[in-house]
Amino acid sequence: MSVTLNERLELIHRQIQQSCESLGRVAVALYDEKTDLLHTFLYSSCNNPLKNYQIALSNVPSLQTLALSGEQRVIRDLPETLAGSTSHHSQQILQEGYRSSLTIPLKLQDKLLGFLFYDSYEPDIFGDTLLSTLTLYAQLISETISHDLASIKTLRGAVVTAREFSRLRDEETAAHLSRMAHYARLIAIEVSEVYDLTEEEIEYIHQFAPLHDLGKVAIPDNILLKSGALSVDEKVIMRSHVIRGVEIVDLMIDEFDLGTIRHIDILRNIIAGHHERFDGSGYPAGVHGTTIPVESRIVAVADVLDALTTKRPYKEPWPFVDALKHMRTAEAHLYDPLCLQAIATRLDEMEQISRRFVEDPVEVA
Ligand SMILES: [Fe+2]
Ligand SMILES: [Fe+2]
């Protein structure tokens, strides 16, 4: 699929501007129920006042109210309404010169998906005709996003079911998958400037990261669950989970028409490249450096960080600082240095995530 969600939003924005030129910004923030975090996702504006920004919904009572009531909010005079507000997002909106706004909560079957924000350079522009047009567009945007996210959820659900059938009980618990997916998102945000990642791509890295070991469903239990060291032959079979994962995804794309899932190439790269290493010593292809796709490099680091900082049958959990130190010294050649730096920058948040997602055998990532 060639058109990204953000390009679709830009197209809609241009259409709206034909009849309402002062509408300078359309943006979507997504909500994650498990962490209560609201984070920026899509935007179309001449300049972007909010990027890679996140805040707990519980810290924004006005949006919380909208989430509960499902009602839209029109602010006719932003400078007057937000006067005295010290919040970062309010300050940014005012600094960009926006004078009025419309906020619409996006819901999917009563669940909060996020919010859509329309901001205008002129005060009091949201009359009845414009409101009904913008509400219609909101519905369109909401349906496109929820269709995409629902497809990924279905895919993840299918994988979880397959794993249950194969009686898979290794270190890949639901909590591990949640934690590493959140670490991957923070790392992606940190490296996004240098590696040119959009917020949309960052979200898909986050969504697809839990599927990195998809191919393990094809590994026999006697190897997957073996408590002792693997023999040379067993290691070869174990490592084949990467190739098998790629085969499964390709099969799913063909059989179930998953090619329509946006950014499916990110999923493929995550599966194919999460055991590649920066110095070329990884598998299966032995590619090195930035020839390894950035999403693979991010997920590799997130996966190892979680392995080091959690209890495994063969080891106790390491403190985060020790894990990072180990990765930056003894294993520095294995990982993208910018991804390691990203962990250092966001270490506190990662520790918070690890405390939030503790082992739970039932929950799906
Ligand atoms: Fe793996
Ligand atoms: Fe993993």
### Query
Only one of (1) within 16 Å of ligand 1 (Cβ to nearest atom); (2) outside any helix (DSSP H, G or I) fails for P210. Which number is that?
(2)
### Task
Determine whether segment 215-222 contains at least one residue that is open to solvent by less than 10 Å² (accessible area, probe 1.4 Å) and either in contact (Cβ under 8 Å) with a residue 60 or more places away in the chain or in the same structural domain as T40 (by TED's automatic domain parsing) (or both).
no
### Query
Do we have any residue at all in segment 208-219 that's within 16 Å of ligand 2 (Cβ to nearest atom) and among the charged types (D, E, K, R)?
yes
### Query
If you scan segment 10-56, which residues turn out to be farther than 18 Å from L134 by Cβ and β-branched (V, I, T)?
T35, T40, I55
### Query
Given the structure, is L251 in a loop (DSSP other than H, G, I, E, B) and away from ligand 1 (no atom under 14 Å from the Cβ)?
no
### Query
Which residue, of T40, T65, is open to solvent by 70 Å² or more (accessible area, probe 1.4 Å) and on the phi < 0 side of the Ramachandran plot?
T65
### Message
Can you tell me which of (1) surrounded by 17 or more Cβ atoms within 10 Å (Cβ to Cβ); (2) modelled with pLDDT under 90 is the one E255 doesn't meet?
### Response
(1)
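Report the residue count in segment 263-313 for those that are on the phi > 0 side of the Ramachandran plot and in a loop (DSSP other than H, G, I, E, B).
Of the residues in segment 263-313, 3 are on the phi > 0 side of the Ramachandran plot and in a loop (DSSP other than H, G, I, E, B).
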### Members of segment 95-108 that are open to solvent by 50 Å² or more (accessible area, probe 1.4 Å) and under 13 Å from P123 (Cβ atoms)
R99
### Query
How do the helices (runs of 4 or more DSSP H) wholly within segment 29-134 filter down when requiring 2 or more residues that are closer than 28 Å to A150 by Cβ: which remain?
61-69
### Query
Looking at (1) within 13 Å of ligand 1 (Cβ to nearest atom); (2) open to solvent by less than 40 Å² (accessible area, probe 1.4 Å), can you tell me which one I266 breaks?
(1)
### Task
Only residues that are acidic (D, E) and more than 12 Å from ligand 1 (Cβ to nearest atom): list them for segment 213-248, please.
D221, D233, E234, E247
### Residue within segment 227-242 that is among the aliphatic types (A, V, I, L, M), touching a residue at least 24 places away in the same chain (Cβ under 8 Å) and either open to solvent by 20 Å² or more (accessible area, probe 1.4 Å) or not assigned by TED's automatic domain parsing to the domain that holds M350 (or both) present
no
### Any chance D77 is farther than 23 Å from L140 by Cβ and either open to solvent by 20 Å² or more (accessible area, probe 1.4 Å) or modelled with pLDDT under 95 (or both)
yes
### Message
Would you confirm, using the coordinates I've provided, whether T260 is more than 16 Å from ligand 1 (Cβ to nearest atom) and open to solvent by 20 Å² or more (accessible area, probe 1.4 Å)?
### Response
yes
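The values are calculated or read from the model by the stated rules, or taken from the named source; none is laboratory data. This one's a predicted model, so the numbers in the text were calculated from it and none came from an experiment. For neighbour counting, all protein chains shown are included, and Cβ atoms are generated from backbone atoms with ideal geometry for every residue, glycine included. Side chains included, ligands, DNA and RNA excluded: accessible areas come from the protein's heavy atoms. Shrake-Rupley method; radii C 1.70, N 1.55, O 1.52, S 1.80 Å.
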